[in-house]
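Since the structure comes first, as structure tokens, the remarks are kept for the end.
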Amino acid sequence: MRLIFIGPPGAGKGTQSAKLVEYLRIPHLSTGDMLRQAVRDKTDAGRHAESFMDKGDLVPDDVVMDMVRERLERPDCRAGALLDGVPRNQRQADLLDEALARSGMRLDVALELRGPDAVGGRRRAGRGRGDDQPGGIKTRLESYWRQTRPLLDYYQDRGILHRIDGQGTPDEVFERIKVALRSERGEVSPRCETPGS
Ligand code: ADP
């Protein structure tokens with residue numbers, strides 16, 4: 001199963017991603033983690049990405065998506081993968097579809113983690129990260145609303161979007177995710193149906 005998570009900064013995606021990859025036993029592909037590792041390793045991509053990340057800007061789509069494509073082609077992703085932090089805009093969504101198609105795969109599930117801004121605000125307040133300062137939050141929320149959130153319509157139209165209420169304890173939220181995935185896996189997928197059956 002190949003999944004993506006969409007939600008504003010501070011919605012709890014990191015916590016839920018960790019639970020989900022353990023539950024599904026699939027690799028966790030976090031573009032933030034991959035980029036930070038590339039910076040540490042001083043790869044070409046890392047050197048290119050560093051200045052953008054330092055400023056809190058999005059790294060150019062091709063740099064990120066080349067990394068994602070290369071990672072998806074490794075054998076452990078045959079079983080599935082959870083993509084965390086990508087796609088962030090429509091171009092990344094298109095490049096992701098292409099990358100998956102090249103490996104004979106496709107996206108099965110898009111999870112939206114939603115909740116009132118106050119929920120994210122409380123969680124962020126307890127996190128204490130450098131880019132969680134008021135200015136940084138504003139920029140990242142703006143980028144989310146302008147570029148990332150419109151992707152919900154794109155995945156809704158494809159019939160793979162599940163909206164998850166992000167309020168409550170991490171375990172309560174994770175229960176909702178499991179219910180959504182059960183409905184997904186329990187369904188007879190239309191493309192597997194034979195006419196007349
Ligand atoms: P956050 O969700 O708080 O922004 P991440 O760990 O996902 O944290 O990302 C950290 C930084 O890495 C981002 O600010 C951005 O510069 C870069 N980054 C991560 N994912 C992407 C992506 N899909 N496209 C472009 N830049 C990205």
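The values are calculated or read from the model by the stated rules, or taken from the named source; none is laboratory data. This structure is a prediction, so every number in the text was calculated from the model and none was measured. Every residue, glycine among them, receives a Cβ derived from its backbone with ideal geometry; neighbour counts consider all protein chains shown. For accessibility, only protein heavy atoms count, side chains too; no ligands or nucleic acids. Shrake-Rupley method; radii C 1.70, N 1.55, O 1.52, S 1.80 Å.
So if I check each of 81, 110, 38, 125, which one is modelled with pLDDT of 95 or more, within 15 Å of the ligand (Cβ to nearest atom) and over 18 Å from the mean Cα position of the chain (by Cα)?
38
Any residue at all in segment 94-102 that is open to solvent by 10 Å² or more (accessible area, probe 1.4 Å) and within 25 Å of residue 15 (Cα to Cα)?
No, segment 94-102 contains no residue that is open to solvent by 10 Å² or more (accessible area, probe 1.4 Å) and within 25 Å of residue 15 (Cα to Cα).
Can you name every residue in segment 33-86 that is farther than 20 Å from residue 20 by Cα and in contact with a Phe, Trp or Tyr (Cβ under 6 Å, 6 or more places away or on another chain)?
59
Among the residues of segment 9-35, what is the count of those that are within 9 Å of the ligand (Cβ to nearest atom) and either open to solvent by 60 Å² or more (accessible area, probe 1.4 Å) or within 23 Å of residue 114 (Cα to Cα) (or both)?
Of the residues in that region, 8 qualify.
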